[in-house]
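*Asks:* Below you'll find the structure I mean.
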Amino acid sequence: MQFMTTPDIDSLLKRIGCPRPLRPDAPALRGLFRAWRRQVPYENIDTQLGRPITLEAGDLIGKFGHRRRGGQCFEANAAFALLLRGIGYEATLVDGAADRETYGDERWGGHTALLVRSQDETWLADVGLADPFLEPLPLREGRYRCGEFEYALERLDEGVWRAHHHPAALLSSVDFRTAARDFSQYVARANSERGQLMVHLHKDGYKHALRARTVRRVTRAGDTQTQRQTHTLTSVEEFALTLAEVFGVPLDDLGSGGLHALWAITGEQHARWLSNRAKAR
């Protein structure tokens, strides 16, 4: 278990705008989860730029706390686990598989989930999804209402569970195991795929998503009703403004030439998307 100093904990709490809880209980967990979800974007910028992903505690605290960045699922859940452990929770990374009910067992290893123990109850507190649950879910079979959305948890087998997202979400479900895994077991997978640029953040009642050069803003009025606004970025200046002001990505952390390199990469990705869309018609 990585050791967390008081300054380490304070840097992460400051990042998400939360005071230190008086005790590691369920209400505090919900508050920490909501704050993280609203302040820390899901993003794979470092992977796009060919920069190595590390899950060492000091590097995670530096990236998420001091440099105010986001990350992909492996990083985000590991960083949130460090914060929770520092406060006094039992927080455990476990294997996850997004949309395994559709795509099968090959999905195992593509995601990591987070289980948290508090007040004799275990919670699914996964902040590593591009489209996260609104609240931590108690690890008990049943249906759970969070705001305007309804979720469900079911046990599939001994040590294997499925969390069902609401119908308007990006994915239908997330499967996860309950056996604890070490951070180091996910480093290779975190560095194995680049894919397309993805930056997601929930704030001000909207879900903001950037895929390559396409920005979407989605608002939902219930489980199935959605309103989408889509816009294509046309200049590096607009790209920079979107990253900084919509998603809170500190541009100076991209390094010299990083922004322009990312703009060029997303140009290739956007061109491929347009070509594939034209072929599908």
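The values are calculated or read from the model by the stated rules, or taken from the named source; none is laboratory data. Computed from a prediction, not measured in an experiment: that's the story for all the values here. Don't worry about glycine lacking a Cβ; one is built from the backbone with ideal geometry, like all the others, and counts go over all protein chains shown. Remember, those area values only see protein heavy atoms, side chains included, never the ligands or the DNA or RNA. Shrake-Rupley method; radii C 1.70, N 1.55, O 1.52, S 1.80 Å.
*Asks:* Can you work out D for the range 174-218 in µm² s⁻¹ from Stokes-Einstein, where Rh is the Kirkwood radius over C-alpha pairs, the temperature is 10 °C and the viscosity is 1.306 mPa s?
*Replies:* Numbers: Rh = 13.5 Å.
For the chosen part, D equals 118 µm²/s.
*Asks:* Same structure, new question: Need one number: convex hull volume per residue for the range 86-231, Cα atoms only, in Å³. Working shown, then result.
*Replies:* Details: hull volume 20.1 nm³, N = 146.
Convex hull volume per residue, Cα atoms: 137 Å³.
*Asks:* Further question: What full-extension length gain, to one decimal in nm, is calculated for Arg216 and Ala271 as 0.36 nm per residue of separation minus the Cα-Cα distance?
*Replies:* Net length gain for the segment: 18.0 nm.
*Asks:* Which three numbers, in whole Å and largest first, are the semi-axes of the equivalent ellipsoid of the range 14-148 derived from its Cα gyration tensor as √(5λ)?
*Replies:* 22, 21, 13
*Asks:* Over the chain, what is the mean sequence separation of C-alpha contacts under 8 Å (at least six apart), divided by residue count, expressed as relative contact order in percent?
*Replies:* Result for the chain is 17 percent.
*Asks:* If each of His66 and Ala278 carries a label point 7 Å out from its Cα toward its Cβ, how far apart are those two points in nm?
*Replies:* So the label points at His66 and Ala278 sit 4.8 nm apart.
*Asks:* Let me ask another. Round to a whole angstrom and tell me the spacing of the C-alpha centers of the range 68-139 and the range 193-269.
*Replies:* Between the Cα centres of the range 68-139 and the range 193-269 lies a distance of 23 Å.
*Asks:* Given a Förster distance of 30 Å, report the FRET efficiency between Thr230 and Arg189 from their Cβ-Cβ distance, rounded to the nearest 0.05. Before the final figure, lay out each step's value.
*Replies:* Values: r = 31 Å, r/R0 = 1.03.
Efficiency, rounded to the nearest 0.05: 0.45.
*Asks:* Sticking with this structure for a sec: Tell me what the chain gives for mean residue ellipticity at 222 nm when only DSSP H runs of n ≥ 4 count, each as -39,500 (n - 2.57), the sum divided by the residue total, rounded to 500 deg cm²/dmol.
*Replies:* Rounded to the nearest 500, it is -8500 deg cm²/dmol.
*Asks:* Next question. Based on Cα positions only, what radius of gyration and what Dmax would you give for the range 158-233, in angstroms?
*Replies:* Just the Cα atoms of the range 158-233 yield Rg and Dmax of 16.2, 47 Å.
*Asks:* Please list, in order, the residues from the range 151-189 whose amide nitrogen is less than 15 Å from a point placed 7 Å along the Cα→Cβ vector of Glu106.
*Replies:* So the set is empty, nothing qualifies.
*Asks:* Next up: More than 14 angstrom separation, counting every C-alpha pair in the range 237-276; what % is that?
*Replies:* 52
*Asks:* Stick to Cα atoms and the Kirkwood definition of Rh, then tell me Rg/Rh for the chain.
*Replies:* Result: Rg/Rh = 0.95.
*Asks:* Tell me, what is the percent relative contact order of the range 117-188, built from C-alpha pairs under 8 Å that lie six or more residues apart?
*Replies:* Relative CO of the range 117-188 lands at 18 percent.
*Asks:* Okay, moving on. What spacing in nm lies between the two simple spin-label points modelled at Thr6 and Ala180, each 7 Å away from Cα in the Cβ direction?
*Replies:* About 2.7 nm, to one decimal.
*Asks:* If I compute solvent accessible area with a 1.4 Å probe over the protein chains, what percent of it on the range 86-184 is carbon and sulfur?
*Replies:* Details: 1630 of 4130 Å².
For the range 86-184, the apolar C and S fraction of the accessible surface comes to 39 percent.
*Asks:* Can you tell me what the convex hull of the Cα atoms of the range 139-196 projects to on average, as an area in nm²?
*Replies:* For the Cα atoms of the range 139-196, the hull's average projected area reads 5.8 nm².
*Asks:* Quote to one decimal, in nm, the extra length available between Glu121 and Ala26 on full extension: 0.36 nm per residue of separation minus the C-alpha distance between them. Display every interim value, and only then the final one.
*Replies:* Numbers: separation 95, 0.36 × 95 = 34.20 nm, distance 0.85 nm.
Extra length available between Glu121 and Ala26 comes to 33.3 nm.
*Asks:* Ignoring ligands, DNA and RNA, what accessible area per residue does the chain give at 1.4 Å, in Å²? Could you put the intermediate results ahead of the total?
*Replies:* On the way: 12960 Å² over 281 residues.
It amounts to 46 Å² per residue over the chain.
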